[in-house]
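A.B. asks: Quick one: structure below, then a few questions.
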């Protein structure tokens, strides 16, 4: 049976994650309040941030930055794009 959540990002009921995807309290919050669809959107946004800012995810400063952006993206007003970012044309 599919686990449903009231997704904080999408503002609707949607399919929940199969398992926690992030450690600690933030991971618990994501598991219980974020849908698979919203998590997939975050992964794409996070990848863009890592590439545009040339972040190394094992660097503590980069991890802190990404967690702050994840909080904004999933639960807040949204994560902003880098000033120089140009979306790829389709």
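A.B. asks: Which residue pairs have Cβ atoms closer than 6 Å, lie 6 or more positions apart in sequence or on different chains, and pair a first residue in the range 28-51 that is within 14 Å of residue 79 (Cβ to Cβ) with a second residue that is modelled with pLDDT of 95 or more and surrounded by fewer than 17 Cβ atoms within 10 Å (Cβ to Cβ)?
C.D. replies: From residues that are within 14 Å of residue 79 (Cβ to Cβ), the pairs are 38/10.
A.B. asks: Exactly one condition in (1) more than 27 Å from residue 13 (Cα to Cα); (2) touching a strand residue (DSSP E or B) at 6+ places or on another chain (Cβ under 6 Å) is not met by residue 38; state its number.
C.D. replies: With respect to (1) more than 27 Å from residue 13 (Cα to Cα); (2) touching a strand residue (DSSP E or B) at 6+ places or on another chain (Cβ under 6 Å), residue 38 is out only on (1).
A.B. asks: With the requirement that a residue be modelled with pLDDT of 95 or more and either surrounded by fewer than 17 Cβ atoms within 10 Å (Cβ to Cβ) or on the phi > 0 side of the Ramachandran plot (or both), what does the range 1-10 give you?
C.D. replies: 4, 6, 8, 10
The values are calculated or read from the model by the stated rules, or taken from the named source; none is laboratory data. This is a predicted model, so every value here is computed, not measured. Ideal geometry is used to build each Cβ from the backbone, glycine not excepted, and the neighbour counts take in all protein chains shown.
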